[in-house]
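**Q** Below: one structure in structure tokens.
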Amino acid sequence: MTKIETLLKTLCPNGVEYKKIGDFLVLLRGKRVVRTQLSANEKYPVYQNSLTPLGFYNLSNCVAGTPFIIAAGAAGEVGCCQTDFWAADDCYYLKKDCRINNRFLFHFLLSKRGYLLSKVRKASVPRISKNVIENIKIPVPPLAVQSEIVHILDNFTELTAELTAELTARKKQYEFYSQFILKNTANAIATPLAEFGKWSGGKTPSMLNKDYWNDGDIPWISSKDMKNSMLQNTQDHITKKALVKGGMMIFPKNSVTIVIRSGILRHTLPVAFVPFETTVNQDIKILITNKNVLPKYAFLAMKAFSDEIRSKTKKNGGTVDSLDFQKVLEFKIPLPPLSEQERIVRILDRFDTLCNDISTGLPAEIAARQRQYEYYRDELLNFEKVAL
């Protein structure tokens, strides 16, 4: 018999009570902070519409370990900061309660992530209502049981964090050497991105018109698809009716896309290669290269210089992070003759493979650990209910 089984048999032999979050805990909405109040020199991270801090503030309204849920933007995502922090007005957070371990609460909310995301209202700014969260039923075992479960699950998450840090280091190594190769290419001319080809943007067909979305088979790229640099598909698809009546444009395969408006721009400029025909939304710009530019070269070069592009073109202020696209077009990247582009693509492709070989098993190990964590989390949080 495991320690948890012994605790359950001893402390709650008749089962565990389940309660609605709204009947048991206090769910609060954060308070607004404007960007002018933020500074990189302040102490407390500010969470607004994503799990990446908006900036830092000189006050905190949540203690370390307080679980929070994003209300708008990356709505439905669950976070937990290891330091005191400020929850802004697009964050819900749960007030500390002596009857529940905050880490237990965090793991439980993570187990409900799929449900939370399914309840997000689709709109130009996705949102989730407070009522959805308050109606979730949570098991409330004795604190000793909660602590033992937290101990087990935290061991999984700590190992995953270590593996993720190692993978990040490998990716940084690749970025450094790819930029070195591009900067030291013979016969290359520093060329504005505007001259790499034709740049276009897109839009979002009306979410209210189901004929534009139901059973759609035309890829539609949004910021949430740009987590991978080599796209295989998109999460959302539109219909032919949306293409015609919604005024959408379809772009040819082997294009390059970048994000110009999203919270992710606080720390990353996503660049992706798209090997299929597609449409894009208003937060994405897509490049169809000229004949003198290999699409794969444009992708690899923009990816290598992505941090520099972001830092030099990012707009100041605004409710959502964005790039000054005119400055993006003016950004210069080395452009050699086609034969040299082909050689560089071969080198960087091999180098990318080499980096993946160096980290063989890391992505797979991370995925396996995550599946293992989710399996044990779901098992450990599934209690026999108190008989009524």
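The values are calculated or read from the model by the stated rules, or taken from the named source; none is laboratory data. Computed from a predicted structure; not experimentally measured. Please note: Cβ atoms are built from the backbone with ideal geometry, for glycine as well, and neighbour counts cover all protein chains shown. Surface areas here come from the heavy atoms of the whole protein model, side chains and all, with no ligands, DNA or RNA. Shrake-Rupley method; radii C 1.70, N 1.55, O 1.52, S 1.80 Å.
**Q** Compute, for GLU17, the solvent-accessible surface of its heavy atoms (probe 1.4 Å) with the complete set of protein chains present, and express it in square angstrom to the nearest 10.
**A** 100
**Q** In square angstrom, rounded to the nearest 10, how much accessible surface does ARG369 have for a 1.4 Å probe?
**A** About 70 Å², ignoring ligands and nucleic acids.
**Q** Here is a further query. Starting from the residue with the highest accessible area, list HIS151, HIS237, HIS267, HIS107 in decreasing order, probe 1.4 Å. Walk me through the intermediate numbers first.
**A** Details: HIS151 105, HIS237 45, HIS267 80, HIS107 0 Å².
If we order HIS151, HIS237, HIS267, HIS107 from most to least accessible, we get HIS151, HIS267, HIS237, HIS107.
**Q** A further question follows. Per residue, how many Å² of accessible area does the chain show with a 1.4 Å probe?
**A** Working: 20110 Å² over 388 residues.
Counting only protein heavy atoms, the per-residue value for the chain is 52 Å².
**Q** Using protein chains only and a probe of 1.4 angstrom, how many square angstrom of MET207 are accessible, to the nearest 10?
**A** Taking all protein chains as shown, MET207 has close to 50 Å².
**Q** Would you rank VAL259, VAL132, VAL244 by solvent-accessible area, highest first, keeping every protein chain in place and using a 1.4 Å probe?
**A** Numbers: VAL259 0, VAL132 25, VAL244 115 Å².
Per-residue accessible area, sorted high to low, gives VAL244, VAL132, VAL259.
**Q** Now, a different point. Largest first and in whole Å, give the semi-axes of segment 231-288's equivalent ellipsoid, each being the square root of 5 times a Cα gyration tensor eigenvalue. Walk me through the intermediate numbers first.
**A** Details: eigenvalues 89, 38, 20 Å².
One finds semi-axes of 21, 14, 10 Å for segment 231-288.
**Q** Can I ask one more? So for each of 140-146, 336-342 I average, over its residues, the number of other beta carbons within 10 Å; can you give me the resulting order with the highest mean first?
**A** 140-146, 336-342
**Q** Let me ask something additional. Taking the inverse of the average 1/r across all pairs of different Cα atoms in the chain, what Kirkwood radius in Å do you get?
**A** On the way: mean 1/r = 0.0425 Å⁻¹.
Every distinct Cα pair counted, the radius reaches 23.5 Å.
**Q** Can you compute the helix-only [θ] at 222 nm over the chain? Use -39500 (n - 2.57) per DSSP H run of at least 4 residues, normalise by all residues, nearest 500 deg cm²/dmol. If you can, show how the numbers build up before the last one.
**A** Details: 12 runs with 145 residues, N = 388.
It lands at -11500 deg cm²/dmol.
**Q** Protein chains only, probe 1.4 Å: how do TYR92, TYR18 rank by accessible area, largest first? All intermediate terms of the calculation are to be shown ahead of the outcome.
**A** Values: TYR92 10, TYR18 60 Å².
Of TYR92, TYR18, the descending order of accessible area is TYR18, TYR92.
**Q** Please state the charge dipole magnitude for segment 1-127, taken about the Cα centre, from unit charges on C-beta atoms (+1 on K and R, -1 on D and E), reported in debye and rounded to the nearest 20. The partial results should precede the final answer.
**A** Working: 19 positive and 9 negative charges, 59 e Å.
The calculation lands at about 280 debye.
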